[in-house]
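K.L.:
Shown below is the structure under consideration.
Rule-based calculations on the coordinates, nothing more; no lab input. For clarity, every value in this text was computed on a predicted model and none was experimentally measured. Cβ atoms come from the backbone with ideal geometry, glycine included; neighbour counts cover every protein chain shown.
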Amino acid sequence: MGDLQRILSVLGEVRHRLIRILIVLGPIFGFLLTFRLVPFTFHFFGLPIPFAYPVFDLFNNVTAQVFHVLVAWTLPTGIVLLNVGVADSVVVQLEIALLLTIIVGMPWIVHEMGAFLVPALRRNERELVRRIGIPATALFAIGATVGFVFLTPVTFAFLFRYVSAMGMSMAVGGQDFVTFALLYSLAFGVVFELPVFIYTLTRLGVVQAGTWRKHWRIAVVGSLVFGMVVTPDNSGITMLLIAGPMIALYFSGAYFAGRWEHQRAARPVALAV
């Protein structure tokens, strides 16, 4: 009975945290789908500062504005976007709104997850979680930015060179385009978290640094499989563009994990001297 009560208590806490997350993220999601941003310039002591104010617009909303930015930034000129399915445009707006909601609400999500996990952690584990919070967030932002700003446009330009060489019309479905661009960028954000993941497991004593070096072949195969799963095309080119940086980040994480173990082993010797 005691175990059942503990399980119910944990489930109740999970439910409480999820409700708190939805209370914050729900209005953000609704705002993105029902308002658009009108830009204007605000002058502060003579300095022009770009700003924007919201206006209710159910169709030309924030997600539609973000979609136009995606098209202008990532697609080569001359590509025709098609609304293949009846509700494709609606699904596109929902996908963009969901992604933006998660990005904007990520600090609150992390806060609620930390509030749920921290009571169950030991003191050194809590300190480690606090230390890796900022690096993990920064690496995710860097990875997603690199994926969106650099690799996604390059990938589209490269793949459409094949379309042009075959003499086919250069067109893509709107939903396929958004899914590819967002998933590709998010995949790079996740990939850049790999060194933090490896370092954390070694610091917690779950996996020794030598284990990461010993099983590097499995990591290479796993990187290729991950690249194959998260990329929606079948060319193999985008798979390699994901797997290559992932393998490099794996070895960098293994290096820093081994470096920390070496420093920890040398610490008692230094104290004794």
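K.L.:
Using +1 at the Cβ of each Lys and Arg and -1 at the Cβ of each Asp and Glu in the chain, identify which of Gly210, Gly174, His43 lies farthest towards the dipole's positive end.
P.N.:
Gly210
K.L.:
Now for a separate question. Rounded, prolate or oblate: which one fits the stretch 118-227, using the alpha carbon gyration tensor with axes a ≥ b ≥ c (rounded when a/c is under 1.5, else prolate when a/b beats b/c, else oblate)?
P.N.:
Taking the square roots of the gyration eigenvalues as a ≥ b ≥ c, the stretch 118-227 is prolate.
K.L.:
Where in the chain are the DSSP H helices whose alpha-carbon span along the long axis reaches 27 Å or more and whose Kyte-Doolittle mean is at least -1.0?
P.N.:
Helices meeting the span and hydropathy rule in the chain are 2-34, 88-117, 123-146, 237-272.
K.L.:
Also: Sum -39500 (n - 2.57) across every DSSP H segment of at least 4 residues in the chain, then divide by the residue count to get the 222 nm mean residue ellipticity, nearest 500.
P.N.:
My calculation for the chain gives -25000 deg cm²/dmol from helical runs alone.
K.L.:
Peptides 165-171, 128-134: what's the order by average Cβ count within 10 Å, highest mean first?
P.N.:
128-134, 165-171
K.L.:
Take the alpha carbon gyration tensor of the stretch 79-164, find the square roots of its eigenvalues, order them as a ≥ b ≥ c, and report rounded if a/c is under 1.5; if not, report prolate when a/b exceeds b/c, else oblate.
P.N.:
oblate
K.L.:
Check Ala52: other-chain or 5+ apart residues with amide H under 5 Å from its amide H, H built from backbone geometry?
P.N.:
Phe40
K.L.:
Looking only at Phe197, Phe226, Phe51, which one moves most when the chain is put into a Gaussian network model with springs between Cα atoms under 10 Å?
P.N.:
Judging by the Gaussian network model, the answer is Phe51.
K.L.:
So for the stretch 173-223, considering every pair of alpha-carbon atoms, how many percent are separated by more than 14 Å?
P.N.:
66 percent
K.L.:
Please state the shape class of the stretch 45-116: rounded when a/c is under 1.5, otherwise prolate if a/b exceeds b/c and oblate if not, all from the C-alpha gyration tensor.
P.N.:
Here the stretch 45-116 falls in the oblate category.
K.L.:
Running a GNM on the chain with Cα contacts under 10 Å, which residue among Phe29, Phe180, Phe158 ends up with the highest mean-square fluctuation?
P.N.:
Between Phe29, Phe180, Phe158, it is Phe158 that shows the largest mean-square fluctuation.
K.L.:
At each listed q (0.17 Å⁻¹), what is the log10 of I(q)/I(0) that the Debye formula gives for the chain modelled as equal alpha-carbon point scatterers?
P.N.:
The Cα Debye sum returns log10 ratios of -1.38.
K.L.:
Sticking with this one: Relative contact order for the stretch 25-99: what is it in percent, counting Cα pairs under 8 Å that are at least 6 residues apart?
P.N.:
The value is 32 percent.
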